[in-house]
């Protein structure tokens, strides 16, 4: 009899543990202990025109974030280096593109590739206790790459929406997706996110 009970308990152990884990995660999300943000990086007028191929997906990801009570954050790049002409402060090129949905006032400026170098963005993260990020934007081989690397290095959970990023050199995107995953980022398509 004791043997049967032990065998039964061993058989249901994995199912029980998985159910308990999902219950805990669901509860934490319900009480908002797992705080999330969708980050839109450098979708500005001076960015590659390849953004037009992903803007609809970025806007859909913004709709998803709003419907799930997730912060939407916009990061814009200001080029402060002398002798450069793009992403200059107070120019049309530095403005967010007109076809991007703006649904919050969470617009932060950086002057380096890594979005965490924006003190205002770092303060926003700490103030709102955000620990999970969904990344969209450009450039996949520069600012998106640097931001993903530094977020995971700081201990945050990072998911890159693979069909919501672009680059001046789109041929490098598959290589970048492999890089992100090698640095403990998750890479998924928008439809996978919308279906979850």
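The values are calculated or read from the model by the stated rules, or taken from the named source; none is laboratory data. Computed from a predicted model, the values in this text were never measured in an experiment. Cβ sites come from the backbone with ideal geometry, for glycine too, and all protein chains shown count toward neighbours.
Selection within region 108-142: residues that are touching a helix residue (DSSP H, G or I) at 6+ places or on another chain (Cβ under 7 Å) and assigned to a loop (DSSP other than H, G, I, E, B). The member of this set that is surrounded by the most Cβ atoms within 10 Å (Cβ to Cβ) is 140. From 133, 108, 87, which residue is touching a residue at least 40 places away in the same chain (Cβ under 8 Å), within 14 Å of residue 39 (Cα to Cα) and assigned by TED's automatic domain parsing to the domain that holds residue 40? 133 is the lone residue from the list that is touching a residue at least 40 places away in the same chain (Cβ under 8 Å), within 14 Å of residue 39 (Cα to Cα) and assigned by TED's automatic domain parsing to the domain that holds residue 40. Name the residues in region 69-84 that are surrounded by 12 or more Cβ atoms within 10 Å (Cβ to Cβ) and either without any contact (Cβ under 8 Å) to a residue 24 or more places away in the chain or more than 15 Å from the chain's Cα centre (by Cα) (or both), would you? Hits for region 69-84 are 77, 78, 79. If you check 47, 58 for being in a loop (DSSP other than H, G, I, E, B) and touching a residue at least 40 places away in the same chain (Cβ under 8 Å), only one passes: 47.
Can you pull out every residue in region 146-192 that is outside any loop (DSSP other than H, G, I, E, B), within 24 Å of residue 125 (Cα to Cα) and in contact with a helix residue (DSSP H, G or I) (Cβ under 6 Å, 6 or more places away or on another chain)? Selection gives 147, 148, 150, 158, 160, 161, 162, 164, 165, 180, 187, 190. Of the candidates 107, 135, the single residue that is farther than 24 Å from residue 90 by Cα and touching a strand residue (DSSP E or B) at 6+ places or on another chain (Cβ under 9 Å) is 135. When the residues of region 24-47 are filtered to those that are over 18 Å from the mean Cα position of the chain (by Cα) and at pLDDT 80 or above, the one that is nearest to residue 141 (Cα to Cα) is 47.
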